[in-house]
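Notes follow the structure.
The values are calculated or read from the model by the stated rules, or taken from the named source; none is laboratory data. Computed from a predicted model, the values in this text were never measured in an experiment. So basically every Cβ, Gly included, is an ideal-geometry build from the backbone, and we count neighbours across all protein chains shown. Each accessible area value is taken on the protein alone, full model and side chains, heavy atoms only, with ligands, DNA and RNA left out. Shrake-Rupley method; radii C 1.70, N 1.55, O 1.52, S 1.80 Å.
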Amino acid sequence: MAEDGEEKLLATVQHIVKTLGRTDTMTEDILKVFSNYDGRLSLDKLYATRAAAAAAAVAAAGGGAAGEHSVPASPPMPPPPAVPPAAAAMPAVTSLERTVRTLDRQISQFVAMDRLIWADSADADAFLEAVDDLIGTVQELDAAGTNRGLLDRADELLSRCMARLEDEFRALIERPDDVAPAAPGGFASDESEEDYDADDGYGDEPIPIAKPVSDFDVVIDALPPGSVSDVHQIARRMVDAGFGRECAEAYAAARRGFIDESVARLGIRSRTIDEVHSLPWEELEFDIARWIPAFKMVFRILIPSERRLCDRVFDGLAPYGDLAFVAAVRTQALQLISFGDAVSAASRAPERLFRVIDMYEAVRDLLPDLDPVFSDPYSAALRAEVSAVCNTLGSSIKGIFMELENLIRRDPARVSVPGGGIHPITRYVMNYLRAACGSRQTLEEVMEGDLGAVGGAAIAVDPDRPTSSLAVHIAWIMDVLHKNLETKSKIYRDPPLASIFLMNNGKYIIHKVNDSELGVLLGDEWMKQMMSRVRRCSLEYQRGAWAKVMSVLQTGGPGISSLPAKALLQKLRMFNGYLEEICAIQSEWVIADEQLREDVRAAITDSVKPAYVGLISRLKSSPEAAQDLFIKHSPEDVEARIQHLFEGVSK
């Protein structure tokens, strides 16, 4: 009975096929429909039954009466196509056709909307469901490979769908408050008031901005949690559909405006290398003063916050999150980096040292914190750029120190300082080095060549040791300065005044070294040598300026015959003349350091006064000289005249 039922079923199917199948293609499609409907209606059985029916019809037509009208036999069925095992298990193409047609109607309604789909959470969910179905259908069609036309149609629909998704994606990122629907239960982000500017009353859309702060341990949440979830869902669909790169580019385009706006509000303007090099130092210094906090803000807050947002939007969708992150931050990051490069390559005038040190320290200090932010292969190049600008700034600091040496060497020895006072080059160099030593740890890193290029913290150095690179370099600069001062001392025609000049400048150097960290760097031995040099200059002054006075005051000694009274009186007159001459000239000379001035005066007094007292005593004790003796200056007067020397005023 079962076999009879199956034969009747097959006969019924053949009748339907015969009635509806006007062409071979239609017949084949109908047979495939039935074969999918019931396991008993396999293609082999249907083709066999069809062939048997056709043969019987031909036989009946051949044996019948010639005058009868016979029903034309159906054309013979083509042999069943060979069906690969994998294709046999695929869903029917017509079923996928209906699916594509249905999805086309659904998706076209969403794509044609003149409002944002995500303005209504129900529409957003329905659209995402349709997108998921379409992606699955395209994958099935691509795997089957039996209907290229239908696959092209589905791909075209998918492209339209992705274009609309991209628009929604960008809108959610650029205007989250206007687009994103309220979460169930009326949930609103508690961070919205902090992260977004309030409406200013002019109808402008609120734009989240990065504001300058002093505490860099913060994170900017530019999107509320609901919007982050929505854009993640869109990103996942675009990646699944093979549009991951387009999604990353859309993200970068949407976020780039936020980053540009944030940097602009920090007061940073883009400048070319030529513009930087041509700026007056006052303007460039102002730009550097703005660049330093902006650089910290961007690389410590803005970029890490962008990395955090990217990781949330593209969670589980590597590498597209890395691509989106780099594309979003690269322009502004490179703008800041290029400014640092331009400053490094600009003039290396010594006055620029301190600003360049500030820039170097800002970059160096954040390098270790960039490792987790720029950890992927796509952003590693940015990390290398930051490290490179740290190197170039360090090299610039070295170059500025070399330029300081050149400045000292080139300082001309044309005009002498009045009174043998402190030369401007001495004041400039010592104050410069004193200020520079406030950053001696940084300078030591640079001099040692440890510029943080590898990343991480710099190797610890001891800038307090006199044999450190910085100490050696500063000692070399001091030696260059000393040689320059010796050259300048030769301008003075009066050798004692040259000694005063060297003494003044040497004492000033000692004072600046003792009064700063230079003393720690140069060490006790260097200080002893410098003090010995000053004492030597003092002795040279005394010998040169007072030698003839002391010679006049010599009246003989043990074993030497006494001078006649007339000779003693001549010595007294010569002494008076020399004293007047010296006091008139040397009262205009200068010894700037009060203690040194007192020491030199005391040394002169200790040498001159006893000898003068001895001459007066010899004259008073001589009967021949007593009658013509006229003492113009008492010993106390001589001492008083000496005490008025080196005050830098004309007498």
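Details
- Selected residue (only one of Y541, Y508, Y492 is assigned by the TED database to the domain that holds V613, under 30 Å from C583 (Cβ atoms) and not in a helix (DSSP H, G or I)): Y492
- Listed by position, the helices (runs of 4 or more DSSP H) contained in the range 223-291 that have at least 2 residues being in the same structural domain as I303 (by the TED database), among the β-branched types (V, I, T) and closer than 22 Å to W118 by Cα are 225-240.
- Per the listing D599, D606, D593, the residue uniquely under 29 Å from N514 (Cβ atoms), open to solvent by 40 Å² or more (accessible area, probe 1.4 Å) and free of Cβ contacts under 8 Å to residues at least 24 places away in the same chain is D606.
- Among residues of the range 550-590, those that are at pLDDT below 85, open to solvent by 50 Å² or more (accessible area, probe 1.4 Å) and farther than 13 Å from L619 by Cβ, counted: 5
- Of the criteria (1) among the β-branched types (V, I, T); (2) surrounded by 21 or more Cβ atoms within 10 Å (Cβ to Cβ); (3) more than 17 Å from L336 (Cα to Cα), which one V263 fails: (3)
- Residue check for G267: under 30 Å from the mean Cα position of the chain (by Cα) and at pLDDT below 90: yes
- Answer residue from the range 282-293, given it is out of contact with any helix residue (DSSP H, G or I) (no Cβ under 7 Å at 6 or more places or on another chain) and of a type outside the set (D, E, K, R) and is surrounded by the most Cβ atoms within 10 Å (Cβ to Cβ) among those: P293
- Here F374 meets each of (1) open to solvent by less than 50 Å² (accessible area, probe 1.4 Å); (2) in contact (Cβ under 8 Å) with a residue 24 or more places away in the chain with one exception, condition (2).
- Close Cβ contacts (under 7 Å, 6 or more residues apart or on different chains) running from residues in the range 535-551 that are over 14 Å from L502 (Cα atoms) to residues that are open to solvent by less than 50 Å² (accessible area, probe 1.4 Å) and among the aromatic types (F, W, Y) comprise V549/F575.
- Residue that is nearest to H232 (Cα to Cα) [pool: residues in the range 312-356 that are hydroxyl-bearing (S, T, Y) and surrounded by fewer than 17 Cβ atoms within 10 Å (Cβ to Cβ)]: T331
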